[in-house]
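Structure record follows, encoded as structure tokens.
Every number here is computed from the coordinates shown, using simple stated rules; none is lab data. Since the model is a prediction, treat every value here as computed from it, not as a measurement. Here the Cβ positions follow ideal geometry from the backbone for every residue, glycine too, while neighbour counts run over all protein chains shown.
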Amino acid sequence: MIHWFTLVSVLCFLMAASPADLFAQFNPYGNRFNPYGPEADPRVRRAYREKAVAIVGANGRDFVETQGDEAVAAIFACSRPVAERLAEFHASGEMGKLPRPRDLLRVVAQPRHGDDVALWAIHHAGEIADTDSFDAYLLSPLDYALGLKQLETGAAESRARRLNQAAIAAPPATALSDDQKLAIGGGIGFLVIAVLLLRRRKQASNW
């Protein structure tokens, strides 16, 4: 009974507070979202999920439960209409086509991102389904959302970085030892001699 009364009290407090106030209290590191901080008590996290569902409506519960604390942070960072758009984006299945949906929600939740970053991602979901384009967008989302940079350019830069990193990480080719080179040379020499001998035999038989 005591636990139930405590939970109800927390929920009443959350319903009375604004999303911005809740987010600041929930996050011990200011406005930068960190659901696993030292103050992130599981009961409080559950209460925030319920508050997030109240913002986007009951149809958004699957969004909140599937995407977890990242969805909560993104909802609190956006206006109600845009938060509802995010829930619809998830329900349509389009969010699930992105390489890492939770990473997008983390970026939406960052300070001063919110509506601009979320709406641009929703409107360009087909483009950022490509991993290189997605990585480029997450790196500097406001540059794309505000038209300061073209996604094609960012995607090309992201692809180049990825290929360079792959080349650096690839193990170097193993150099052949002198004995291995000698063995290979001897094998090739033997095959050449064998072919010449077979040719001479064939010519001799024709005579």
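Each residue, ALA40 and ASP62, gets one label point 7 Å from its Cα in the Cβ direction; the gap between the two is 2.5 nm.
Using the average count of surrounding beta-carbon atoms within 10 Å as a protection proxy, the listed peptides 54-60, 128-134 rank, highest first, as 128-134, 54-60. Using the Cβ-Cβ distance between ILE184 and THR131 with R0 = 35 Å, the FRET efficiency computed as 1/(1 + (r/R0)^6) comes to roughly 0.30.
With both labels modelled 7 Å from their Cα along Cα-to-Cβ, the ARG199 to LEU139 distance reads 5.6 nm.
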